[in-house]
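What follows is a set of notes on a single structure, which appears directly below.
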């Protein structure tokens, strides 16, 4: 019995020592991240931090974090953020975000509110800390802009996973349930309900550099995108898309095949989103009607969205300049 007690005591002492060494490592790692941030194009500020969770976890709580990207001048700030990891598996961390956060950009401020918003990140247990997979889960999400628009969703699910068969390539999944667009947009589309019941994206993205602890220096940019499936159901309007894009000098090149049921609201929607001018909306509707009529089903429209030479075309319809992706 004495031997058992002695062994147990030694194990407790060793584990306690390991935890306190790990606590110091976490503290130094956070301090090093803050100090090295300017070299990686970031400015990081905070009002304080602490590490708790003995004996089985390392729980890092940062008070009033403020992170600014020096290149884009975009700043994220929140009352707090918490990062948890198991002491015996520190390369798997879970982050819990405050119920209210703010994203400040040169053009607007966006306030993000949520009932729950958590992230899980798993990295490789190497010095580079290369991302293996990550997930974001949230509910009762609401984004409010200083410009006046509002966006909300009942549920948000996002997942990203490294594709080991390709270099710097990641599988991406996104799902939004009961997405509520801005009321001003909904008012322009009286035939559609106030909520988009489901939005789902399944894609594969290739970047110019890996997502690791050096990403602040390497600045990974999108170089190719395979859209396996994208689906949106908004009342009678149902959209699906798939295709491949590559990025040339920051602009997309390629083709996305679109299929739309209940497509007659598309022109108004495109004009409301600024994709086309309001004056062009009737012409777009007439051309889509002709294309749908020739397909054999007037309620179904199938057309390619083409990105070429810095421009976008929906079938033969010019939509204007393509968005810059990096």
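The values are calculated or read from the model by the stated rules, or taken from the named source; none is laboratory data. As the structure is a computational prediction, the values presented were derived from the model and not from experiment. Here the Cβ is made from the backbone with ideal geometry for all residues, glycine too, and neighbour counts use every protein chain on show.
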Over the stretch 46-74, the set of residues closer than 22 Å to residue 108 by Cβ and surrounded by fewer than 17 Cβ atoms within 10 Å (Cβ to Cβ) is 64, 66, 69, 70, 71, 72, 73, 74
- Query: Looking at residue 314, is it within 23 Å of residue 185 (Cα to Cα), surrounded by 15 or more Cβ atoms within 10 Å (Cβ to Cβ), touching a strand residue (DSSP E or B) at 6+ places or on another chain (Cβ under 6 Å) and not assigned by TED's automatic domain parsing to the domain that holds residue 192?
  - Reply: yes
Considering the stretch 257-270, residues that are in contact (Cβ under 8 Å) with a residue 24 or more places away in the chain and surrounded by 19 or more Cβ atoms within 10 Å (Cβ to Cβ), and then whichever is nearest to residue 205 (Cα to Cα), we arrive at 258
Practice item. Check the stretch 243-254 and report whether any residue there is within 23 Å of residue 192 (Cβ to Cβ) and either surrounded by 13 or more Cβ atoms within 10 Å (Cβ to Cβ) or free of Cβ contacts under 8 Å to residues at least 12 places away in the same chain (or both). Key: no
Of (1) at pLDDT below 95; (2) under 21 Å from residue 177 (Cβ atoms), residue 213 satisfies every one except (2)
Going through (1) surrounded by fewer than 19 Cβ atoms within 10 Å (Cβ to Cβ); (2) modelled with pLDDT of 80 or more one by one, residue 303 fails only at (1)
Filtering the stretch 175-224 for residues that are part of a helix (DSSP H, G or I) and in contact with a helix residue (DSSP H, G or I) (Cβ under 7 Å, 6 or more places away or on another chain) leaves a count of 3
Within the stretch 183-212, the residues that are in contact with a strand residue (DSSP E or B) (Cβ under 8 Å, 6 or more places away or on another chain) and either touching a residue at least 60 places away in the same chain (Cβ under 8 Å) or in the same structural domain as residue 323 (by TED's automatic domain parsing) (or both) are 192, 210, 211, 212
- Query: Does residue 234 count as within 20 Å of residue 183 (Cα to Cα) and either in contact (Cβ under 8 Å) with a residue 60 or more places away in the chain or crowded, with 19+ Cβ neighbours inside 10 Å (or both)?
  - Reply: yes
For residue 62, the lone unmet condition from (1) more than 17 Å from residue 35 (Cα to Cα); (2) touching a helix residue (DSSP H, G or I) at 6+ places or on another chain (Cβ under 9 Å); (3) free of Cβ contacts under 8 Å to residues at least 40 places away in the same chain is (1)
Across the stretch 40-70, the tally of residues that are in a loop (DSSP other than H, G, I, E, B) and modelled with pLDDT under 90 stands at 6
Filter the stretch 176-201 for residues that are surrounded by 17 or more Cβ atoms within 10 Å (Cβ to Cβ) and under 19 Å from the mean Cα position of the chain (by Cα); the one that is nearest to residue 243 (Cα to Cα) is 201
Only one of 278, 252, 318, 282 is in contact with a helix residue (DSSP H, G or I) (Cβ under 6 Å, 6 or more places away or on another chain) and modelled with pLDDT of 80 or more, namely 278
Selection from the stretch 30-45 of residues surrounded by 13 or more Cβ atoms within 10 Å (Cβ to Cβ) and within 17 Å of residue 85 (Cβ to Cβ) yields 30, 33
